Amino acid sequence: MRTAVVAGNWKMNGTKATVASLLRGLKAGLAPGRTQVIVCAPFPYLSQVSDELSGSPIQWGAQNVSQHTAGAYTGEVSLEMLKDFGCTHVILGHSERRALFSEQDDVIADKFCAALAAGLTPILCVGETLEQRESGETNTVVLQQLMAVVDKAGIASFAGAILAYEPVWAIGTGLTATPGQAQEVHEILRMCLRDLDEAVASKLSILYGGSVKASNAAELFSCADIDGGLIGGASLDAEEFLAICQAAE
Ligand SMILES: O=C[C@H](O)COP(=O)(O)O
């Protein structure tokens, strides 16, 4: 059986006060269950998150990391630093990193390898733009993004990773992929990995991300190849995020 996972991506949001209130709400409201719950906070709040969530069932991580270990990389944050603050996960290859910060497949693959080597679980994001979908390139795009990492890291490494399908056109737009559209891509991703390693593919958690809300989560999560969600905007509201976690149960 695959692990159900709900991960919150807070993106560049929050203050010390809102983070404290959100974490208190999550800790107080999370019902015991089988779903793995993760929050991915901005770097400056990782210390606060670590203090608040230590001893709770909620895990935490970052939204990006350097592929380098240490040294003259102004403005970068290393995997060892994330580990110092108790991070267990790191989001890699988010479409906002790809589009706004020009992250390319080869760098994302390097980060993926480095994260695994450091003992963190990468949450690798893939997804197509609206233009790519409309021109029938969805499968080609997501498989190319996936294979760039598989080719460098090896299929076996996906035993220690999480994959997230996030159609760019559904992120922060309120336009959720229909369960059918999401399932179709999840199935293609899993089938591609299954051709390489049946055992790894059948155990890999593949999350859907893109305007997931409490009101649509259960239907999305009921699809055969959707194992949970990577949640942006709705992860900033404790009640909404907890309802999404409940939908994954
Ligand atoms: O990482 C999360 C995704 O970008 C989804 O964001 P959203 O739920 O605000 O659409």
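The values are calculated or read from the model by the stated rules, or taken from the named source; none is laboratory data. Computed from a predicted model, the values in this text were never measured in an experiment. All Cβ positions, even for glycine, are placed from backbone atoms using ideal geometry, and neighbour counts span all protein chains on display.
What tally of residues in the range 155-192 results from selecting those that are of a type in the set (Val, Ile, Thr), out of contact with any helix residue (DSSP H, G or I) (no Cβ under 8 Å at 6 or more places or on another chain) and not in a loop (DSSP other than H, G, I, E, B)?
Result for the range 155-192: 1.
Residue 39 fails exactly one of the following numbered conditions: (1) more than 15 Å from residue 238 (Cα to Cα); (2) among the β-branched types (Val, Ile, Thr); (3) surrounded by 19 or more Cβ atoms within 10 Å (Cβ to Cβ). What is the number of that condition?
(1)
Of all residues in the range 160-175, how many are more than 10 Å from the ligand (Cβ to nearest atom), of a type in the set (Gly, Ala, Ser) and either closer than 15 Å to residue 94 by Cβ or touching an Asp or Glu at 6+ places or on another chain (Cβ under 9 Å) (or both)?
Qualifying residue count, the range 160-175: 1.
Tell me, please, whether a residue that is under 22 Å from residue 110 (Cα atoms) and part of a helix (DSSP H, G or I) can be found in the range 39-60.
yes
Cβ-Cβ distance below 6 Å, separation of 6 or more or different chains: which pairs start in the range 167-181 with a residue that is under 10 Å from residue 220 (Cα atoms) and of a type in the set (Ser, Thr, Tyr) and end on one that is more than 10 Å from the ligand (Cβ to nearest atom) and assigned to a helix (DSSP H, G or I)?
Once the first residue is under 10 Å from residue 220 (Cα atoms) and of a type in the set (Ser, Thr, Tyr) and sits in the range 167-181, its partners that are more than 10 Å from the ligand (Cβ to nearest atom) and assigned to a helix (DSSP H, G or I) give 176/216.
What's the number of the only condition in (1) surrounded by fewer than 18 Cβ atoms within 10 Å (Cβ to Cβ); (2) in contact with a strand residue (DSSP E or B) (Cβ under 8 Å, 6 or more places away or on another chain); (3) in contact (Cβ under 8 Å) with a residue 60 or more places away in the chain; (4) assigned to a helix (DSSP H, G or I) that residue 25 fails to meet?
Single failed check for residue 25: (2).
With the checklist (1) touching a strand residue (DSSP E or B) at 6+ places or on another chain (Cβ under 8 Å); (2) under 22 Å from residue 98 (Cα atoms); (3) away from the ligand (no atom under 15 Å from the Cβ); (4) without any contact (Cβ under 8 Å) to a residue 60 or more places away in the chain in hand, flag the one item residue 189 doesn't pass.
Residue 189 satisfies every listed condition except (4).
Could you check the range 97-140 and list, in sequence order, the residues that are in contact with a helix residue (DSSP H, G or I) (Cβ under 9 Å, 6 or more places away or on another chain), within 13 Å of residue 166 (Cβ to Cβ), in contact (Cβ under 8 Å) with a residue 40 or more places away in the chain and within 16 Å of the ligand (Cβ to nearest atom)?
Hits for the range 97-140 are 99, 124, 125, 126, 127, 128, 129.
Looking only at the range 85-143, which residues are touching a Cys at 6+ places or on another chain (Cβ under 7 Å) and surrounded by fewer than 19 Cβ atoms within 10 Å (Cβ to Cβ)?
If the condition is that a residue be touching a Cys at 6+ places or on another chain (Cβ under 7 Å) and surrounded by fewer than 19 Cβ atoms within 10 Å (Cβ to Cβ), then 143 is the only one that fits.
What are the residues in the range 205-235 that are within 11 Å of the ligand (Cβ to nearest atom) and either assigned to a strand (DSSP E or B) or surrounded by fewer than 18 Cβ atoms within 10 Å (Cβ to Cβ) (or both), if any?
Listed by number, the residues that qualify are 207, 208, 229, 230, 231.
Which numbered condition trips up residue 178, out of (1) more than 22 Å from residue 191 (Cβ to Cβ); (2) within 16 Å of the ligand (Cβ to nearest atom); (3) loosely packed, with under 15 Cβ neighbours inside 10 Å?
That leaves (1) as the condition not met.
Against the condition among the aliphatic types (A, V, I, L, M), assigned to a helix (DSSP H, G or I) and modelled with pLDDT of 95 or more, how does residue 7 come out, does it pass?
no
If you scan the range 4-18, which residues turn out to be crowded, with 21+ Cβ neighbours inside 10 Å and aliphatic (A, V, I, L, M)?
4, 5, 6, 7
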